[in-house]
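Asker: Once you've had a glance at the structure underneath, I'll fire off some questions.
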Amino acid sequence: MRKPIIAGNWKMYKTIGEAVELVKALLVGLESGRDREVLVCPPFTALYAVRPLLVGTAISLGAQDLHHEAQGAYTGAIAPGMLTDVGCSYVIIGHSERRQYFGETDASVNKKIGAALGVGLKPIVCVGEVKAERDAGQAEAVVGGQLAGGLAGLSPEQMLKLVIAYEPVWAIGTGDTATPADAQMMHAFIRSRLHAQFGAEVAEAVRIQYGGSVKPDNVDELMAQPDIDGALVGGAALKADSFLRIVHFH
């Protein structure tokens with residue numbers, strides 16, 4: 001059985017004070033003994049401040065991006081070792097906003113995955129198509145290409161450390177969620193690609209999250225799908241009550 005994983009991607013929101021306040025509220029409202037993994041991915045500036053609050057709790061810490069080099073003259077970039085140093089165990093790689101606004105490619109995603117694994121970080125690797133691609137019937141071809149390029153050269157053992165996040169770009173922040181059936185079809189397709197590249201055991205073990213306007217009122221139906229193993233939550237992760245409702249999906 002794959003353990004569900006719910007991650008809050010805070011994007012470019014929350015000052016240090018606001019981040020601390022949100023984490024405290026999440027810890028108060030989190031029901032213990034749940035069979036699921038929870039993590040928050042604050043902006044870089046808040047990681048160090050929230051880390052001590054999360055030590056020994058049921059919430060893990062993740063970052064939103066990293067650079068593929070261990071160190072160097074890369075102004076404004078964050079090295080993999082800096083993230084482990086500040087207590088991160090996960091890192092989001094290749095989010096559609098990184099691809100759209102910052103020129104991320106499947107090749108850069110592939111390099112970043114290797115860098116993350118090299119320091120013991122678990123990558124959450126994002127794939128997904130834009131509306132024009134879906135409308136043209138190319139959604140599977142696009143996602144398949146992103147998987148092939150992003151995961152190139154990985155061993156089955158390395159693949160087991162990854163989480164895949166399927167985020168239809170047309171559903172991010174638009175309020176336009178893929179139907180549970182649409183999402184399930186793409187998750188099943190992704191799992192079939194993992195099966196072809198890494199074998200049945202890996203395909204059955206790797207968790208695939210859905211991301212794209214996940215909300216308290218649609219999470220139960222999404223999580224009921226056989227191949228949806230979690231959620232990468234954006235806007236609804238910025239308020240304690242809505243994120244907790246998603247974490248406590250039925």
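The values are calculated or read from the model by the stated rules, or taken from the named source; none is laboratory data. All of these numbers come straight from a predicted model, not from anything done at the bench. Note that each Cβ is placed from the backbone with ideal geometry, even for glycine, and that neighbours are counted across all protein chains shown.
Asker: Which ones in the stretch 23-41 are within 24 Å of Leu83 (Cα to Cα) and touching a strand residue (DSSP E or B) at 6+ places or on another chain (Cβ under 8 Å)?
Answerer: Val23, Leu26, Leu27, Arg36, Glu37, Val38, Leu39, Val40, Cys41 - these are the residues of the stretch 23-41 that are within 24 Å of Leu83 (Cα to Cα) and touching a strand residue (DSSP E or B) at 6+ places or on another chain (Cβ under 8 Å).
So that you can scan it fast, the table gives a plain yes or no per residue for (1) on the phi < 0 side of the Ramachandran plot; (2) in contact with an Asp or Glu (Cβ under 9 Å, 6 or more places away or on another chain):
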residue	(1), (2)
Val55	yes, no
Leu83	yes, no
Gly87	no, no
Arg98	yes, yes
Asn110	yes, no
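Asker: A further question on this structure: Counting only residues that are outside any loop (DSSP other than H, G, I, E, B) and within 21 Å of Leu39 (Cβ to Cβ), how many does the stretch 127-170 have?
Answerer: 8
Asker: Just checking, which of Leu117, Leu147, Leu66, Leu151 is within 27 Å of Phe243 (Cα to Cα), within 18 Å of the chain's Cα centre (by Cα), aliphatic (A, V, I, L, M) and modelled with pLDDT of 95 or more?
Answerer: Leu66
Asker: Mind checking which residues of the stretch 58-85 are in a loop (DSSP other than H, G, I, E, B), farther than 25 Å from Gly235 by Cβ and not charged (D, E, K, R)?
Answerer: His67, His68, Ala70, Gln71, Gly72, Ala73, Tyr74, Thr75, Gly76, Ala77, Ala79
Asker: Condition (residue is hydrophobic (A, V, I, L, M, F, W, C), more than 20 Å from the chain's Cα centre (by Cα), closer than 25 Å to Gly114 by Cβ and exposed (fewer than 14 other Cβ atoms within 10 Å of the Cβ)) applied to the stretch 72-92: is it met by at least one residue?
Answerer: Yes, the stretch 72-92 contains at least one residue that is hydrophobic (A, V, I, L, M, F, W, C), more than 20 Å from the chain's Cα centre (by Cα), closer than 25 Å to Gly114 by Cβ and exposed (fewer than 14 other Cβ atoms within 10 Å of the Cβ).
Asker: I need the full set of residues from the stretch 198-221 which are in a helix (DSSP H, G or I), within 14 Å of Ala181 (Cα to Cα) and not charged (D, E, K, R), in order please.
Answerer: Hit for the stretch 198-221 is Val219, nothing else.
Residues checked against (1) of a type outside the set (Phe, Trp, Tyr); (2) under 19 Å from the mean Cα position of the chain (by Cα); (3) more than 21 Å from His248 (Cα to Cα):
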site: Met1; (1), (2), (3): yes, no, no
site: Ala7; (1), (2), (3): yes, yes, no
site: Lys14; (1), (2), (3): yes, yes, yes
site: Leu47; (1), (2), (3): yes, yes, yes
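Asker: Something else about it: Do you know which residues across the stretch 134-144 are touching a helix residue (DSSP H, G or I) at 6+ places or on another chain (Cβ under 8 Å), over 12 Å from Arg193 (Cα atoms) and modelled with pLDDT of 95 or more?
Answerer: Across the stretch 134-144, the qualifying residues are Ala139, Val142.
Asker: Still on this structure: For the stretch 24-54, what are the residues that are of a type in the set (A, V, I, L, M) and more than 23 Å from His95 (Cα to Cα)?
Answerer: Ala25, Leu26, Leu27, Val28, Leu30, Ala49, Leu53, Leu54 - these are the residues of the stretch 24-54 that are of a type in the set (A, V, I, L, M) and more than 23 Å from His95 (Cα to Cα).
Asker: Looking at Glu167, Glu201, can you tell me which residue is over 19 Å from the mean Cα position of the chain (by Cα), touching a residue at least 12 places away in the same chain (Cβ under 8 Å) and either surrounded by fewer than 15 Cβ atoms within 10 Å (Cβ to Cβ) or within 24 Å of Gly62 (Cα to Cα) (or both)?
Answerer: Glu201
Asker: Check whether at least one residue in the stretch 158-173 is closer than 29 Å to Ala236 by Cβ and among the acidic types (Asp, Glu), and report yes or no.
Answerer: Checking the stretch 158-173: at least one residue is closer than 29 Å to Ala236 by Cβ and among the acidic types (Asp, Glu).
Asker: Hey, among Ala178, Ala203, which residue is at pLDDT 95 or above and at negative phi?
Answerer: The match here is Ala203.
Asker: Let me ask you something else. In the stretch 222-245, which residues are assigned to a helix (DSSP H, G or I) and of a type in the set (S, T, N, Q)?
Answerer: Ser242
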